[in-house]
Amino acid sequence: MSSFIKFSDSTVKPVQNDTTKVTVSGDPRHTAWVHFQGNDGAFRSGVWESTAGVFNGPMNDQIEFCHILEGKATIVVGDESFDVKAGDSFVMDNGLQPVWHVEEYVRKSFVIAVVPPATS
């Protein structure tokens, strides 16, 4: 069955993500609202937010499209850093190992597709 889901019209319960294994510094709190999940969980979309902190966000076996709705962050990938703020969109490819630096707060919409493992 096909679906049309308008996030602002749908009611989903927030899920608190456990950040203990990804936290580098601070005490970031991650909350997600998954508005759509399809293809046996291989595709999902929703809204995610984080409070202040530094944390790993590995793209292991997935590709993620993000659109920043509120706040800002700096994402460090190897020797490069990218400042993202409300209105910015970007893709994080499979195998990428970003480190998020959130000073206060960031909120994004996301689309995640599960993919085969990255090869070196």
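So the values come out like this:
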{"read-out": "Qualifying residue in the range 103-110 (condition: open to solvent by less than 30 Å² (accessible area, probe 1.4 Å), over 27 Å from residue 5 (Cα atoms) and assigned to a strand (DSSP E or B))", "value": "no"}
{"read-out": "Of all residues making up the range 8-66, the number that are loosely packed, with under 13 Cβ neighbours inside 10 Å and hydroxyl-bearing (Ser, Thr, Tyr)", "value": "5"}
{"read-out": "Subset of the range 69-89 (residues that are polar (S, T, N, Q) and closer than 10 Å to residue 101 by Cβ)", "value": "74, 81"}
{"read-out": "Residue list for the range 74-101, restricted to those being of a type in the set (A, V, I, L, M, F, W, C) and under 12 Å from the mean Cα position of the chain (by Cα)", "value": "75, 90, 91, 92, 99, 100"}
{"read-out": "Residue satisfying condition, being among the aromatic types (Phe, Trp, Tyr) and closer than 21 Å to residue 10 by Cα, within set 55, 110, 82, 90", "value": "110"}
{"read-out": "Cβ-Cβ under 9 Å pairs, at least 6 apart or on other chains, the range 1-27 side under 21 Å from residue 39 (Cα atoms), far side small (Gly, Ala, Ser) and open to solvent by less than 80 Å² (accessible area, probe 1.4 Å)", "value": "3/38; 5/45; 7/45; 7/46; 7/109; 12/46; 15/32"}
{"read-out": "Qualifying residue in the range 93-102 (condition: closer than 26 Å to residue 4 by Cβ and at pLDDT 95 or above)", "value": "no"}
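The values are calculated or read from the model by the stated rules, or taken from the named source; none is laboratory data. What you are looking at is a predicted structure, and each value in this text was computed from that prediction instead of being measured. Note that each Cβ is placed from the backbone with ideal geometry, even for glycine, and that neighbours are counted across all protein chains shown. Accessible surface areas use protein heavy atoms only, side chains included; no ligands, DNA or RNA. Shrake-Rupley method; radii C 1.70, N 1.55, O 1.52, S 1.80 Å.
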